[in-house]
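**Student:** Sharing a structure here in structure tokens format.
Values in this text are rule-based calculations from the coordinates and carry no lab data. As the structure is a prediction and not an experimental result, all values here were calculated from the model. Backbone-built Cβ (ideal geometry, glycine too); neighbour counts: all protein chains shown.
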Amino acid sequence: MNGWPERRVRRAALLLGAALAAAVLGCQRQQPGTTTTTPPKTTTATAKTLPKASGLEPSQITIGFLVKMPEEPWFQNEWKFAQQCADKYGFKLVKIGTPDGAKVLEAIDTLAAQGAQGFVICTPDVKLGPSIVARAQSHDMKVFSVDDQFVGADGKFMDVPYMGIAARAIGEKVGQTVWDEFHNRGWRVEGTAACAVTWDQLNTSKERTDGATAILVKDGFPADRIYRAPEKSTDIPGALDAANALLTQHPEAKRWLVFSMNDEGVLGAVRALEGRGFGPDKVIAVGIGGTSAVPEFQKAEPTGLYATCLLASHRHGYETTEYMYRWIKDGAEPPKDTRTEGTIITRDNYQRIMKEQGLLD
């Protein structure tokens with residue numbers, strides 16, 4: 001009996017210790033319905049995706065700008081505005097014409113030898129995308145695609161930063177311009193046909209002519225009077241041949257509406273129509289691009305080219321290069337998909353608008 005109080009004290013102490021231990025363990029476990037204030041650890045994979053500044057001075061940065069058809073005014077303007085960007089920030093710009101796949105890969109190697117950290121490219125073939133990206137990665141270079149979007153082996157657009165035109169919207173703007181002028185002239189549907197010079201091999205090209213077609217049909221022009229003229233090349237000779245073949249099939253048409261994926265497609269059709277006696281009073285042609293239309297607007301007498309949708313070559317040249325520069329220097333990755341629209345210009349207003357956009361002196 002004399003040892004009972006001591007045993008009770010020892011037992012109470014043991015129970016108290018167990019309770020305290022359980023309480024400590026319970027606090028360490030996350031209970032259902034509660035939250036933790038401990039911030040999650042950053043994994044290695046997450047850390048690698050965070051943008052990092054290169055620490056390079058502008059003079060240490062070299063950027064390439066590769067275009068598929070360097071002789072065309074559009075690409076010359078892209079180069080012009082890209083150079084303006086380089087001059088502003090003080091980095092080196094290397095301009096290379098790459099008309100085929102072999103030239104593209106050779107140019108990437110050349111850029112790497114010159115110490116370039118990245119390049120902007122309008123590829124001559126969108127299916128070259130995987131090869132371009134692989135070659136760039138082998139040299140630890142960044143890639144930004146412009147104008148024509150890379151297509152992967154699965155037929156889907158690749159996850160590469162891209163700036164292109166809002167092709168469908170631009171096509172619709174062209175279609176509306178054609179339709180409005182059709183009404184302004186008081187033309188009748190009877191006796192009028194539409195010639196769509198098409199190049200469906202390229203998605204952005206198809207969207208332009210499909211957009212114009214859709215607007216004409218929506219506004220009331222008969223779909224069965226819109227004739228497609230597939231061209232074999234996207235230049236004036238290719239469009240001339242395509243339009244001539246179409247005109248031979250439809251001698252009944254007395255007036256023509258004309259649209260295409262670019263100015264060259266429309267100008268080829270206008271030349272074909274002129275060869276068959278169709279003057280500007282019988283033709284309403286609206287192109288896409290802008291710069292190739294200038295010589296036409298400068299002629300002493302109007303031609304069948306009524307208007308064109310002037311595209312934003314300044315953005316495609318300057319902005320893409322600036323995005324690449326910021327990506328290299330500051331680690332600021334460009335947006336994945338940027339689309340630009342255009343402005344309708346005619347013989348009457350082209351000088352003012354193109355001067356405002358830095359395209360004319």
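**Student:** Could you check the simple spin-label distance between Asp180 and Asp224, using points 7 Å along Cα→Cβ, in nm with one decimal?
**Tutor:** A separation of 3.1 nm, rounded to one decimal place.
**Student:** Okay, moving on. Please give me the summed charge of the neighbours of Leu360: other residues whose Cβ is under 13 Å from its Cβ, Lys and Arg +1, Asp and Glu -1.
**Tutor:** Values: positive: Lys80, Arg352, Lys355; negative: Glu356, Asp361.
Once positives and negatives cancel, what remains is +1.
**Student:** As I understand it, the value is the acute angle between the Cα axis of helix 236-249 and the longest principal axis of the Cα atoms of the chain; what does it come to in degrees, rounded to 10?
**Tutor:** Its long axis makes an angle of about 60 degrees.
**Student:** Give the Cα extents of segment 219-351 along the principal axes, in whole Å, largest first.
**Tutor:** 62, 33, 31
**Student:** Beyond 33 Å, what share of the Cα-Cα pairs of the chain is found? Please give it as a whole percent.
**Tutor:** Details: 28933 of 64980 pairs.
Across the chain, Cα pairs with separations above 33 Å total 45 percent.
**Student:** Normalising by the residue count of the chain, find the relative contact order in percent from Cα pairs under 8 Å and 6+ residues apart. Before the final figure, lay out the partial values.
**Tutor:** On the way: 634 pairs, mean separation 64.1, N = 361.
The normalised contact order for the chain reaches 18 percent.
**Student:** I would also like to ask the following. Return the subset of Lys68/Lys232; Lys68/Lys329; Lys173/Lys232 for which the Cα-Cα distance in this structure is over 23 Å, preserving the input order.
**Tutor:** Lys68/Lys329; Lys173/Lys232
**Student:** Let me ask something else about it. Loop only per DSSP, at most 12 neighbouring Cβ atoms within 10 Å: give me the GluC sites (Glu not before Pro) in segment 178-233, ordered by residue number. Can you show the working numbers first?
**Tutor:** Numbers: sites: Glu181, Glu190, Glu207, Glu231; in loops: Glu190, Glu231.
In loop regions of segment 178-233 (DSSP not H, G, I, E or B), the sparsely surrounded GluC sites (Glu not before Pro) are Glu190.
**Student:** A follow-up question, please. What do you get for trypsin sites (Lys or Arg not before Pro) in segment 264-299 restricted to DSSP loop and a cutoff of at most 16 other Cβ within 10 Å of the site's Cβ?
**Tutor:** On the way: sites: Arg271, Arg276, Lys282, Lys299; in loops: Arg276, Lys299.
Counting only loop positions with at most 16 other Cβ atoms within 10 Å, the trypsin sites (Lys or Arg not before Pro) in segment 264-299 are Arg276, Lys299.
**Student:** Follow-up. Against the longest alpha carbon principal axis of the chain, how many degrees, from 0 to 90 and to the nearest 10, is the axis of helix 4-28 turned?
**Tutor:** With both axes taken from Cα atoms, the answer is about 10 degrees.
**Student:** Expressed as an acute angle from 0 to 90° and rounded to the nearest 10, what is the orientation of the C-alpha long axis of helix 73-89 relative to the principal long axis of the chain?
**Tutor:** Helix 73-89 sits at roughly 40 degrees to that axis.
**Student:** Can I ask one more? Counting only DSSP beta bridges with both residues in the chain, what percent are antiparallel, rounded to the nearest 5?
**Tutor:** Working: 5 of 45 bridges.
Here the share of antiparallel DSSP bridges comes out near 10 percent.
**Student:** Still on this structure, please answer the following. Hey, which aspartates and glutamates would be in cross-link range of Lys52, C-alpha to C-alpha under 18 Å, not counting anything within fewer than 8 residues on its own chain?
**Tutor:** Asp140, Glu322, Asp330, Glu333
**Student:** Still on this model: Hey, which lysines would be in cross-link range of Lys299, C-alpha to C-alpha under 22 Å, not counting anything within fewer than 8 residues on its own chain?
**Tutor:** Lys282, Lys355
**Student:** On to the next question. For segment 135-207, compute Rg over Rh where Rg is the Cα radius of gyration and Rh is the Kirkwood radius from the inverse mean 1/r over Cα pairs. The partial results should precede the final answer.
**Tutor:** Numbers: Rg = 18.8 Å, Rh = 15.6 Å.
Here Rg/Rh amounts to 1.20.
**Student:** Here's something else I'd like to know. With a/c under 1.5 counting as rounded, go ahead and sort segment 171-287 into rounded, prolate or oblate using the C-alpha gyration tensor (a ≥ b ≥ c being the square roots of the eigenvalues; past the cut-off, prolate if a/b is larger than b/c, else oblate).
**Tutor:** On the way: a/c = 1.63, a/b = 1.10, b/c = 1.48.
Verdict is oblate for segment 171-287.
**Student:** So what's the back-of-envelope 222 nm ellipticity for the chain, counting only DSSP H runs of four-plus at -39500 (n - 2.57) apiece and dividing by all residues, rounded to 500?
**Tutor:** Numbers: 12 runs with 155 residues, N = 361.
Helix contribution divided over all residues of the chain: -13500 deg cm²/dmol.
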